[in-house]
Amino acid sequence: MHLWDPPFCGDLDMRIARDGTWFYQGTPIGRPGLVKLFSSILKKEGARYFLVTPVEKVGIEVEDAPFVAVDFTAEGDAKSQVLTFETHVGDRVAAGPDHPIRVVRDPETGEPSPYVHVRADLEALIDRKSFYRLVEIGETAQHEGAEWFGLRSNGAFFPVIPADELP
């Protein structure tokens, strides 16, 4: 699907809020099956998001990330650990080199916004409860010549915050 490139047919009054709620013409879409269907035809090109079928492409607004990771499991220990995330639309993805975790900190407040790559340039914002659980299993390690606190999955280390900034 991410390789489809049909003609652009304009923008649709559809928005995905930061909390993962999908809206159509200002009204939340209350049918989970419909949201899951729309999420399966979602595509990102540059900074824009589109719903794509084999014959048309329509633009939609995404406030932050199109998905929310609402839970995760951690299997294994130390360097063999695998973190598997589940999104609010049912996607499951094991973090690792092909599905990295990244954390963006608000420049004013320092508040972290953690993300995991789901598929084809689409990310999930990791929800607060899951992020707190991730912090509990994080570790300190050398990364690019500095000491970082971060997360390990599928043999990859994902930095969260410089170790010297830990409280």
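Couple of notes before you dig in:
- Taking the criterion of being over 13 Å from the mean Cα position of the chain (by Cα) and in contact (Cβ under 8 Å) with a residue 12 or more places away in the chain, the residues of the stretch 99-113 that qualify are Arg105, Pro112.
- For the stretch 138-167, a residue qualifies if it is out of contact with any Pro (no Cβ under 7 Å at 6 or more places or on another chain), on the phi < 0 side of the Ramachandran plot and of a type in the set (Gly, Ala, Ser), and the qualifying residues are Gly138, Ala141, Ser153, Ala163.
- Verdict on Lys44 being under 22 Å from Ala95 (Cβ atoms) and either outside any strand (DSSP E or B) or small (Gly, Ala, Ser) (or both): no
- Residue match in the stretch 115-134 (condition: farther than 30 Å from Gly33 by Cα and not hydrophobic (A, V, I, L, M, F, W, C)): no
- A Cβ distance below 8 Å, combined with a sequence gap of six or more or placement on separate chains, defines the contacts here; from the stretch 149-167, residues that are polar (S, T, N, Q) and at pLDDT 95 or above reach residues that are surrounded by 19 or more Cβ atoms within 10 Å (Cβ to Cβ) and in a loop (DSSP other than H, G, I, E, B) in the pairs Ser153/Ala95; Asn154/Ala95.
- Scanning the stretch 84-98 for residues that are over 26 Å from Glu165 (Cβ atoms) and in a strand (DSSP E or B) returns Thr84, Glu86, Thr87, Arg92, Val93, Ala94.
- Residues that are surrounded by fewer than 17 Cβ atoms within 10 Å (Cβ to Cβ), among the charged types (D, E, K, R) and part of a strand (DSSP E or B) within the stretch 136-167 comprise Glu139, Glu147, listed in sequence order.
- Test: residue in the stretch 114-135 that is assigned to a loop (DSSP other than H, G, I, E, B), among the charged types (D, E, K, R) and touching a residue at least 60 places away in the same chain (Cβ under 8 Å): yes
- Checked against the criteria, Thr87 counts as under 28 Å from Arg133 (Cβ atoms), surrounded by 18 or more Cβ atoms within 10 Å (Cβ to Cβ) and of a type in the set (S, T, N, Q).
- Test set (1) part of a strand (DSSP E or B); (2) within 30 Å of Asp13 (Cβ to Cβ) - Pro54 fails condition number: (1)
- Test: residue in the stretch 65-83 that is surrounded by 16 or more Cβ atoms within 10 Å (Cβ to Cβ), assigned to a loop (DSSP other than H, G, I, E, B) and hydrophobic (A, V, I, L, M, F, W, C): yes
- The combined condition, being in contact with a strand residue (DSSP E or B) (Cβ under 7 Å, 6 or more places away or on another chain), more than 26 Å from Arg31 (Cβ to Cβ) and either touching a residue at least 60 places away in the same chain (Cβ under 8 Å) or among the acidic types (Asp, Glu) (or both), is fulfilled by Val82.
- Residues located in the stretch 1-31, provided they are under 21 Å from the mean Cα position of the chain (by Cα), modelled with pLDDT of 95 or more and either of a type outside the set (Lys, Arg) or assigned to a strand (DSSP E or B) (or both): Met14, Arg15, Ile16, Ala17, Asp19, Gly20, Thr21, Trp22, Phe23, Pro28, Ile29
The values are calculated or read from the model by the stated rules, or taken from the named source; none is laboratory data. Just so you know, these numbers come straight off a predicted model, no measurement behind them. Positions of Cβ are generated from backbone atoms using ideal geometry, with glycine treated the same way; all protein chains shown enter the neighbour counts.
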